[in-house]
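Nothing in this text is a laboratory measurement; each read-out follows from the coordinates by a stated rule. Since the structure is predicted, the reported quantities are computational estimates derived from the model, not experimental observations. When we count neighbours, we look across all protein chains shown, and the Cβ atoms used for this are built from the backbone with ideal geometry, even at glycine.
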Amino acid sequence: MGLGLPIEQEALIERLRKALDLTLYEAKLYIAMLQGASDPKEASVMSGVPLPRIYDIVKVLESKGMVYKDPNGWYRAVSPRALAAASIARLEEDSRRRAREIAELAEALERLGSKQRAPRYVIVKGAYNIVSAAVDFFKASAVAYITVSTVMARDGLGEEIIKALLSYIGDLRVLLVEGALVERISETGIPVKVTQLPLLDSISSRVGLMVIVNEPFGEPVAVAVEDQAQAEPYFRRLSSLWTSIGGGPQGNT
């Protein structure tokens, strides 16, 4: 059996296991070799790893790039900084690969659902679901209005919806009832105008309409409809209001 380890070293071993997905023996043996274990017997004593297991585990560490063979036939630990750099590079490559896979999957699913109409009516709850529903309902729109009053002015919901729709809609226009978001939204370069009229938080196109409200002491809730008969009159009113307001984000009526 190995010697008892200080509490600080036990904590380091546990962090090493979690960070690099190691077994307990792998982490302990790497630490022992980092501290200068010069042969299998010393490595066993310092780490607490049974001597018959030492060579198997050191081979695993070698395959993970954590140790290398020295001219004497034993192994040396790779320096922690070099190990960290290599591990971070692998994580970044894995993240990029995963991101590509997700993007490719999304494109495949888009093609699969391209012929499926969006639901005519839908009620969604929660900011993330509202952003997703907004994209589903309005991504094919040539022109859309977003009115930001109270609900979308909180917790960045209006900004998230605008960012999501910018990728799809060429002519996106924002009417602000309150000026809290005007500077941040104006930085996106999209047209923004301010009005004092009491508008609801909404997204509007010629064929779709979404109204966003807030549950009392709860999450935002959106009701969306895909129906030109209901959507176009509201769209026309917003178009008239937009035209009547002076240019620039400081205009109001």
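Which residue, A11, A32, A99, has the largest displacement toward the positive end of the dipole of the stretch 1-105 when charges sit on each Cβ (Lys, Arg +1; Asp, Glu -1)?
Highest projection toward the positive end goes to A99.
For L105 and A85, FRET efficiency with R0 = 41 Å and r from the beta-carbon atoms, rounded to 0.05?
Efficiency computed from Cβ-Cβ geometry: 0.85.
Rank these for me by crowding, Y234, Y168, going from fewest to most other beta carbons within 10 Å.
Values: Y234 18, Y168 14.
Listed from fewest to most nearby Cβ atoms, that is Y168, Y234.
Scan around D201 for amide H atoms under 5 Å from its own, H built in the peptide plane at 1.01 Å from N, and keep only partners 5 or more places away or cross-chain.
S149, T150, V151, I212
Among (i) 206; (ii) 196; (iii) 132, which is the computed volume of the Cα convex hull per residue in Å³?
Given (i) 206; (ii) 196; (iii) 132, the structure-derived one carries the label (i).
Go through 104-110, 18-24 and give me the packing order, highest mean Cβ count within 10 Å leading.
Top to bottom by mean Cβ count within 10 Å: 18-24, 104-110.
What size of dipole, in debye to the nearest 20, comes out for the chain about its Cα centre when the only charges are +1 on Lys and Arg C-beta atoms and -1 on Asp and Glu C-beta atoms? Don't jump to the answer; show the numbers that get you there.
Working: 30 positive and 31 negative charges, 88 e Å.
Roughly 420 debye, rounded to the nearest 20.
Relative contact order of the chain: what whole-number percent is it, with Cα pairs under 8 angstrom and at least 6 residues apart?
Answer for the chain is 14 percent.
Tell me, S239, S204 in order of fewest to most beta-carbon neighbours within 10 Å?
S239, S204
Going by amide H atoms built from the backbone, whose H comes under 5 Å of the H on V194, apart from near neighbours?
L176, G251
Per residue of the stretch 35-41, what does 6.51 cos²θ - 1.76 cosθ + 1.60 with θ = phi - 60° give for ³J(HN,Hα)? Whole Hz please, x for Gly and Pro, Karplus curve as stated.
Computed from phi, the couplings for the stretch 35-41 are 7, x, 4, 9, 7, x, 5 Hz.
Among the DSSP beta bridges whose two residues both lie in the chain, what percent are antiparallel, rounded to the nearest 5?
Close to 70 percent.
Based only on other Cβ atoms within 10 Å, what is the fewest-to-most ordering of F138, F217, F235?
F217, F235, F138
Kindly provide the helix-only [θ] at 222 nm of the chain, computed as the sum of -39,500 (n - 2.57) over DSSP H runs of four or more divided by all residues, to the nearest 500 deg cm²/dmol?
Using -39500 (n - 2.57) per qualifying helix, the result is -15500 deg cm²/dmol.
For the stretch 121-244, just say rounded, prolate or oblate: build the C-alpha gyration tensor, square-root its eigenvalues into a ≥ b ≥ c, call rounded for a/c under 1.5, and beyond that prolate if a/b exceeds b/c, oblate if not.
Because its axes are fairly even, with a/c under 1.5, the stretch 121-244 counts as rounded.
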